[in-house]
Structures are given as C-alpha cells and as structure tokens.
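Accompanying notes for the structure given below.
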Amino acid sequence: METIEYTHSTLVTTETTFTIRNKVYFLFRSRPLSRATKIILYKTLIRPVVSYGAEAWALTKKEKQALLIFEKKIFRRIYGSKYENGEWKSRANRELEEMSKG
C-alpha cells in the first residue's frame, strides 16, 4: 500500500517521489554526460523545478535541511569521490560548496 504525502499544494504518492528521485540520481551517474553538462542540467532543469514557488513557501528547518541534503547528494553524484592516499573518499560539504560556486 502506498502512502500519500502533502508537498506544497500538490498531492504526491511516495512511490512517485522515489521514482523521480531515482531517475534524477541515475541521470547524474551517467558516464556519457560530461560534468559540465550535468551541472547545466541541474541548474536549468532540476533546481527550478524543486524550488518552484519558493518565494511563497513557509519552510520549516526540516524542509530547508531536506532541500540542502538533496542538493548535496546531486553534487556528490556529479563530482564523484576523490582518490587520496591510496583510498577513495567522499567529498566534504565545504568542498562541494566551493566546487558548485566555481
């Protein structure tokens, strides 16, 4: 049985939400797309859809945190892990913020 959650004036099933999220994550793991293309896709397609109507939102701390987590997950998919001292490491949040600005 699927649950229904209320998200900013739209009823969305949990199953639909997970399907969309998985497709977005898969897109950003695609090797044929360059890193620059993935960043452009995120900034022009994904971010506007996620933040549509944000001026009228009254976000709670939990919702703000969820949006930040989503963005960091996307950037981790785009930039990938780094190889340091013989082992693979996940990028730090500060490093992701610097890379996404530049």
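The values are calculated or read from the model by the stated rules, or taken from the named source; none is laboratory data. This one's a predicted model, so the numbers in the text were calculated from it and none came from an experiment. For neighbour counting, all protein chains shown are included, and Cβ atoms are generated from backbone atoms with ideal geometry for every residue, glycine included.
Things worth noting here:
- Listed conditions (1) among the basic types (K, R); (2) modelled with pLDDT of 85 or more; (3) outside any helix (DSSP H, G or I) are all met by K38, apart from (3).
- Of all the residues in the stretch 49-63, those that are part of a helix (DSSP H, G or I) and surrounded by 11 or more Cβ atoms within 10 Å (Cβ to Cβ) number 3.
- Residue within the stretch 10-31 that is in contact with a His (Cβ under 9 Å, 6 or more places away or on another chain), at pLDDT below 85 and aromatic (F, W, Y) present: no
- Failed item in (1) within 13 Å of the chain's Cα centre (by Cα); (2) aromatic (F, W, Y); (3) at pLDDT below 75, with Y6 passing the rest: (1)
- Residue that is farthest from the chain's Cα centre (by Cα) [pool: residues in the stretch 64-96 that are part of a helix (DSSP H, G or I) and loosely packed, with under 13 Cβ neighbours inside 10 Å]: R94
- Tallying residues that are farther than 20 Å from S100 by Cβ and either of a type in the set (K, R) or at pLDDT below 80 (or both) within the stretch 57-70 yields 4.
- Among the residues of the stretch 36-91, those that are over 19 Å from F26 (Cα atoms) and in contact (Cβ under 8 Å) with a residue 40 or more places away in the chain comprise G53, W57.
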